[in-house]
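Let me begin by presenting the structure, written as structure tokens, before commenting on it.
The values are calculated or read from the model by the stated rules, or taken from the named source; none is laboratory data. Only a predicted model underlies this, so the values are computations on that prediction, with no experimental measurement involved. Counting neighbours? That spans all protein chains shown, and the Cβs are built from the backbone with ideal geometry, glycine included. The accessibility values were calculated without ligands, DNA or RNA, using every heavy atom of the protein model including side chains. Shrake-Rupley method; radii C 1.70, N 1.55, O 1.52, S 1.80 Å.
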Amino acid sequence: MNGAGRLSAPTGWADVGNLHVTESMRRQGVGSALLATAAQWLRLARADRLLAYAEPDESDLVSFLKRSGFLIVTTNRRAWVQTTTVRPGVS
């Protein structure tokens, strides 16, 4: 707790879930270099914990993240289902 009963916002966390490497460039160190560069920049912003997201069927990505030192902290199956018809311009 900070001050008069206020919780401080979580700090030190950064999301690297939008980093992608084209399939033809994989297994050549590109992903590792991209992740390392992102981590260096994020350290400048005082981030010391990185978050990444992968779908269960993205086994190559999950393997890469594990090799890079990431741990699976939770799993969730996203199953968005559209229940109504969406019509552009109608609110």
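The set of residues in the stretch 67-87 being basic (Lys, Arg), in contact with a helix residue (DSSP H, G or I) (Cβ under 9 Å, 6 or more places away or on another chain) and assigned to a loop (DSSP other than H, G, I, E, B) is empty. Cβ-Cβ distances below 7 Å connect the following pairs, each with a first residue in the stretch 36-65 that is over 25 Å from THR11 (Cα atoms) and in contact (Cβ under 8 Å) with a residue 24 or more places away in the chain, a second residue that is surrounded by 12 or more Cβ atoms within 10 Å (Cβ to Cβ) and not hydrophobic (A, V, I, L, M, F, W, C), and a separation of six or more residues or different chains: PHE64/GLY31.
TRP41 meets all of the listed conditions (1) at pLDDT below 85; (2) among the aromatic types (Phe, Trp, Tyr); (3) farther than 20 Å from ASN76 by Cα but one, namely (1).
When SER24 is tested against (1) open to solvent by less than 90 Å² (accessible area, probe 1.4 Å); (2) over 28 Å from ARG77 (Cβ atoms); (3) touching a residue at least 12 places away in the same chain (Cβ under 8 Å), just one condition goes unmet, and that condition is (3). Scanning the stretch 56-87 for residues that are among the aliphatic types (A, V, I, L, M) and either open to solvent by 100 Å² or more (accessible area, probe 1.4 Å) or more than 27 Å from VAL30 (Cβ to Cβ) (or both) yields a total of 6.
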